[in-house]
């Protein structure tokens, strides 16, 4: 398969690219700073941002006769730090607006498969979360990210694409480990359950290569 990764310079996005290349597949990465990536067999780096329609067009057409088979999005609405009270840096609809442009480009080029890294606590998975964690997600500055995730969720579900909205629990460092799929809403996930970014990256690529999770919003933990 041939992939396009949006958000490839982030912590999880880099691992997604590594995972694709380890599977001997090819990948285009749309990134702000291409100098952060060395030359690697199977990797094509395009400088740009998903806020730009023209940059997305460059990414989709970076390889002659090589339109991507699937798109993996690992964007995140940034804050000044990981502290829940840290001030947001990204605009209110950063992820939603980028995904709108991405989906439009996919329709234009006939690409059907879209895998988006969302988050546990998005949309209909919120009620399954412990009440204390719900307060953290919805009563701190994290609410800006989750409102953005909610918009991506709602708009992607009506896109007509073969989507998978992956909802990982709390992200952690470390190697890839076995992943547990808790279903679309994540009922029964233990409080403070974690998953390594490497595990998420592997699952995202699996979801892109298979039809098993099409139209689903799997909540995943280690």
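A few notes on this one:
- Close pairs from region 111-137: first farther than 20 Å from residue 75 by Cα, partner assigned to a loop (DSSP other than H, G, I, E, B), Cβ under 6 Å, at least 6 apart: 124/185; 128/185; 128/186; 128/187; 129/121; 130/191; 136/84
- Flag for residue 74 being surrounded by fewer than 16 Cβ atoms within 10 Å (Cβ to Cβ), within 16 Å of the chain's Cα centre (by Cα), at pLDDT 95 or above and within 29 Å of residue 142 (Cα to Cα): no
- In region 134-167, residue surrounded by the fewest Cβ atoms within 10 Å (Cβ to Cβ) [restricted to those that are touching a strand residue (DSSP E or B) at 6+ places or on another chain (Cβ under 9 Å) and more than 17 Å from residue 100 (Cα to Cα)]: 141
- Total residues in region 25-71 satisfying the condition of being free of Cβ contacts under 8 Å to residues at least 60 places away in the same chain, surrounded by 15 or more Cβ atoms within 10 Å (Cβ to Cβ) and assigned to a strand (DSSP E or B): the figure is 10.
- The test for being surrounded by fewer than 17 Cβ atoms within 10 Å (Cβ to Cβ) and out of contact with any strand residue (DSSP E or B) (no Cβ under 7 Å at 6 or more places or on another chain) holds for residue 80.
- The set of residues from region 85-112 being more than 24 Å from residue 15 (Cα to Cα) and assigned to a loop (DSSP other than H, G, I, E, B) comprises 85, 86, 87, 91, 92, 93, 110.
- Residue within region 57-64 that is within 18 Å of the chain's Cα centre (by Cα), within 25 Å of residue 211 (Cβ to Cβ) and at pLDDT 95 or above present: yes
The values are calculated or read from the model by the stated rules, or taken from the named source; none is laboratory data. None of these values were measured; they are calculated from a predicted model. FYI the Cβ positions are ideal-geometry reconstructions off the backbone, even for glycines, and counts take in every protein chain you see.
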